[in-house]
Amino acid sequence: MPRKVRQVFTNFSAGELNPLLNARTDAKAYFEGARQCKNWYLLDEGGVMRRPATQFTAELPAESRIIPFIFSEDETALFVLSNNRLDVYDSDGVVIESNITANCNWTTAQLFELNYAQFGDTVFLTNRNNAIIQIKRNSASSFAVSLYAFELDEDVVVSGAYKTHAPFYKYESPTVTVTLSSAATGTGRTITASSDVWTADYVGHYIRVDGSQIKITAYTSATVVEGTIIVTVDGGAGPHNDWQEELFSAPRGYPQAVSFHDNRLFFAGGRDAPSVVVASQIGGYFNFDTGTGLANEAINVSITSDSVNEIRHLLSGRNLQIFTDAGEFFVPQTADQAITPATIAFLRQTPYGCNRANPVPFDGATIFTSKNGKSIREYVYSDLEQAYKSNSISVLSSQVINNPKQLTMMTGNEERPEQFAYFLNSGSTLDGQIAVFHSIRDEKIAGWTIWNTKTNDKFHSITSINEFLFVITLRVLPSGNKYLLEKFGNDDSITVDCSTLTTVYQKGSPVVKGASQSGATLLIDGITTAPKILETFSIAGNATIYTIQAVTNTDTNEYSLQLDQSLAASPADNAVVTIVKGFTHTVNAIYEATNVVEAVYGNGALGTYTIDANSRITLTNAPQPTGVRVGYNFTPILETMPIDKEIDTGPLTGQPRRINKAIIDISGGLDITMKASDIGAKELVIQQSNFTLGSDLSAESGKKEFNFLGYSKSPTITISQNEPLPLKVLGLAMEIQFA
């Protein structure tokens, strides 16, 4: 006789697992994870919630990247970077300042290779091929973009050439010398190199010969330039082999990495000096003069190892952390010891290397993408080992990671306490999909899920500001591709992406035709589209809402309406008629004609509608008031791992078995589908029928039972939705039958 056992999934905290774990029933994560976990939000309590949807906030001028600006708790902004352009928006998508182009030296191809650091009212942007940029807040409504300039010493100047506090570096080998036409201060001095060194890009930059600065003023040839000697050069005219150039310059490139740490501004990863780290003087973020090496003076050092390490990112944590293409380092220091020129050192920790997506601090560690873009690691300090480790946190879910180009994190929002890290994939298999990592380190809870949006559309950039999460989404619209700024909701109360609210179409300018009307019939004109039965309206000067029972066309733009009740009072001639609930609604023009959107009002899904040439949709089930939410549906999919169970004779692995019954525990649900992955499976839908016509639906909570037929050697349960409505799944129990 067939035997039966029970199997319970109390949580899905491990999220989506790698398909290669299908046989790992010995792993704890097997019974806490899922074969598929797409478009779900992992809850701290162990269940899942339909992921928050997005709200449309603004249409952007071109392909863009967003970065956050936080001046204070109540004053934040989004910097939208596009090709040689900056636009600034507030958290509601309202433009603060637009089309700033002066000094915006980044290109579209460089958008996701920019690094940034903020201090107070200023953000510094770096890219190894571009001059350093600073974006400064002048006021709540004014921002300015300028080139970063190292501080000048106004007390040391010759003919307008000031001594600079920029960092210097020895690029050329000691065999390359320079000879001066004169070692004395003054203009028009010729500097001759012993081999080809100079280009026209050197004009305006400095070199330092035997400690004395010379500003290049003219280019003659690859071996000859002219300059102004600011301080007399020791050793005479030369030749000199002790000479240096500016570390960062047009001919030598600029820093890739930037960070603030210990009240210093750090730059690193120059294009032609990828292993060099420099730090400003303490509190002097534009002064990189190393002076005599005093504790408060600037720092200029290199990471030395058996290979060149291209520094890609700096991050200020308990230590200054350094991420290169070949490994991870940190600068050791104690709680009461600052980094100084005499104490700075670089300790190599792990050998994985980091890609160009910026690491972010998260749950007591720093998370970063490995150089190959295939795994996510957490750089975490071990007190026991007195060193950092780089453990893989994606090893059980590596299929959700494919070359992330941007990372961000949140520690909760106004509605939910969960903390998440977000990884925006750019690889071909997951391009535009977000891998979402949920972690509670102290509880040893960690899990992954994947978020995507409408078919053919993709997420393009992501960032967070305090408790809000923003994305730029590439939407494929009838007129072509558009980049839209969208904001995620805080919970599952918003259920369609790129959502906006409709307004009831007033069908022209309807007014009462003729005074002294009474009874349950009303004559109106000025209406360009026929009213419909069940639509409701009000009349100026009368608070009563009337429902149309019958419509008769009496003349051009004139209709006689049969009402559900007699007029409360005789309306004035030409009194304005306002449609309160209508079938036809005007939608945001962003969707464009012929596009298809889902409509939701309250707790009810109203269906799918095509937008007409006037940016309108016509509902088919019932008239609705202004405020219908329209947007794009997405499908949440939660599929269990193959159901297995250990019985007295061993595991059921490989045996034909059937899921007889599934009992799902839901909270605040309005639509759910379940099916078993066997040949005879049928899709079942929870629907609510005990409601009052015209009232909103009530969300369902509690345990719901589903029954299935058919055997399989790897049976699973798939939970999904047909309609874009809220849903939380708290747990799942199954009855399994086997021979």
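The values are calculated or read from the model by the stated rules, or taken from the named source; none is laboratory data. Because the structure is predicted, anything quoted here is derived from the model rather than measured. Quick reminder, even Gly has a Cβ in these numbers, built from the backbone with ideal geometry, and neighbours come from all protein chains shown.
Structure above, values below:
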read-out	value
Residue count, region 59-72 (criterion: of a type in the set (A, V, I, L, M), touching a Leu at 6+ places or on another chain (Cβ under 7 Å) and part of a loop (DSSP other than H, G, I, E, B))	1
Residue 56 among the aromatic types (Phe, Trp, Tyr), in a strand (DSSP E or B) and more than 28 Å from residue 636 (Cα to Cα)	no
Matching residues, region 83-98, being in a strand (DSSP E or B) and touching a residue at least 40 places away in the same chain (Cβ under 8 Å)	86, 88, 89, 96, 97
Members of region 468-485 that are under 15 Å from residue 67 (Cα atoms) and either of a type in the set (Phe, Trp, Tyr) or free of Cβ contacts under 8 Å to residues at least 60 places away in the same chain (or both)	468, 470
Subset of region 324-342 (residues that are part of a strand (DSSP E or B) and closer than 13 Å to residue 299 by Cβ)	331
Failed criterion for residue 668 (all others in (1) at pLDDT 90 or above; (2) of a type in the set (Gly, Ala, Ser); (3) on the phi > 0 side of the Ramachandran plot; (4) not in a loop (DSSP other than H, G, I, E, B) hold)	(1)
Selected residue (criterion: nearest to residue 317 (Cα to Cα)) from residues of region 211-259 that are assigned to a strand (DSSP E or B) and of a type in the set (Phe, Trp, Tyr)	243
Strands (runs of 3 or more DSSP E) contained in region 400-484 and holding at least 1 residues in contact with a helix residue (DSSP H, G or I) (Cβ under 7 Å, 6 or more places away or on another chain) and not assigned by TED's automatic domain parsing to the domain that holds residue 35	404-410, 434-440, 445-451
Cβ pairs under 6 Å, 6+ apart, first in region 249-264 and at pLDDT 95 or above, second polar (S, T, N, Q) and not in a strand (DSSP E or B)	251/199; 264/280
Count of region 346-391 residues which are of a type in the set (S, T, N, Q) and in contact with a helix residue (DSSP H, G or I) (Cβ under 8 Å, 6 or more places away or on another chain)	1
Subset tally (residues that are farther than 30 Å from residue 428 by Cβ, in contact with a Phe, Trp or Tyr (Cβ under 8 Å, 6 or more places away or on another chain) and either basic (Lys, Arg) or not in a strand (DSSP E or B) (or both)) for region 373-391	1
Single match in 515, 530 (criterion: over 45 Å from the mean Cα position of the chain (by Cα), among the small types (Gly, Ala, Ser) and under 21 Å from residue 628 (Cβ atoms))	530
Selection within region 178-203 - in a loop (DSSP other than H, G, I, E, B) and hydroxyl-bearing (Ser, Thr, Tyr)	181, 182, 185, 194, 195, 199
Flag for residue 131 being of a type in the set (A, V, I, L, M, F, W, C), surrounded by fewer than 16 Cβ atoms within 10 Å (Cβ to Cβ) and farther than 15 Å from residue 463 by Cα	no
Any hit, region 113-128, residues being among the basic types (Lys, Arg) and in a strand (DSSP E or B)	no
Residue 360, sole failed condition from (1) within 25 Å of residue 301 (Cα to Cα); (2) among the aliphatic types (A, V, I, L, M); (3) crowded, with 22+ Cβ neighbours inside 10 Å	(3)
Subset of region 30-53 (residues that are of a type outside the set (Gly, Ala, Ser) and not in a strand (DSSP E or B))	30, 31, 32, 39, 43, 44, 45, 51, 52
Count of region 343-372 residues which are in a loop (DSSP other than H, G, I, E, B) and β-branched (Val, Ile, Thr)	2
Region 439-457 - residue that is touching a Ser or Thr at 6+ places or on another chain (Cβ under 7 Å) and surrounded by fewer than 23 Cβ atoms within 10 Å (Cβ to Cβ) and, of those, nearest to residue 19 (Cα to Cα)	446
Test: residue 220 is in contact (Cβ under 8 Å) with a residue 60 or more places away in the chain and farther than 20 Å from residue 169 by Cβ	no
Any hit, region 99-108, residues being in a loop (DSSP other than H, G, I, E, B), surrounded by 17 or more Cβ atoms within 10 Å (Cβ to Cβ), touching a Phe, Trp or Tyr at 6+ places or on another chain (Cβ under 9 Å) and in contact (Cβ under 8 Å) with a residue 12 or more places away in the chain	no
Unmet requirement for residue 65, which otherwise passes all of (1) crowded, with 18+ Cβ neighbours inside 10 Å; (2) under 30 Å from residue 730 (Cα atoms)	(2)
Those residues of region 593-625 which are in contact (Cβ under 8 Å) with a residue 60 or more places away in the chain and farther than 20 Å from residue 53 by Cβ, in sequence order	593, 594, 616, 622, 623, 625
Residues located in region 1-20, provided they are modelled with pLDDT of 85 or more and either aliphatic (A, V, I, L, M) or in a helix (DSSP H, G or I) (or both)	14, 17, 19, 20
Residue within region 639-655 that is small (Gly, Ala, Ser), part of a loop (DSSP other than H, G, I, E, B), modelled with pLDDT of 95 or more and surrounded by fewer than 21 Cβ atoms within 10 Å (Cβ to Cβ) present	no
Residue match in region 689-712 (condition: crowded, with 19+ Cβ neighbours inside 10 Å, in the same structural domain as residue 662 (by TED's automatic domain parsing), at pLDDT 70 or above and not small (Gly, Ala, Ser))	yes
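Residue-by-condition table, conditions (1) touching a residue at least 24 places away in the same chain (Cβ under 8 Å); (2) touching a Gly at 6+ places or on another chain (Cβ under 6 Å); (3) surrounded by fewer than 20 Cβ atoms within 10 Å (Cβ to Cβ); (4) not charged (D, E, K, R):
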{"site": "487", "(1), (2), (3), (4)": "yes, no, no, no"}
{"site": "515", "(1), (2), (3), (4)": "yes, no, yes, yes"}
{"site": "537", "(1), (2), (3), (4)": "yes, no, no, yes"}
{"site": "550", "(1), (2), (3), (4)": "no, no, yes, yes"}
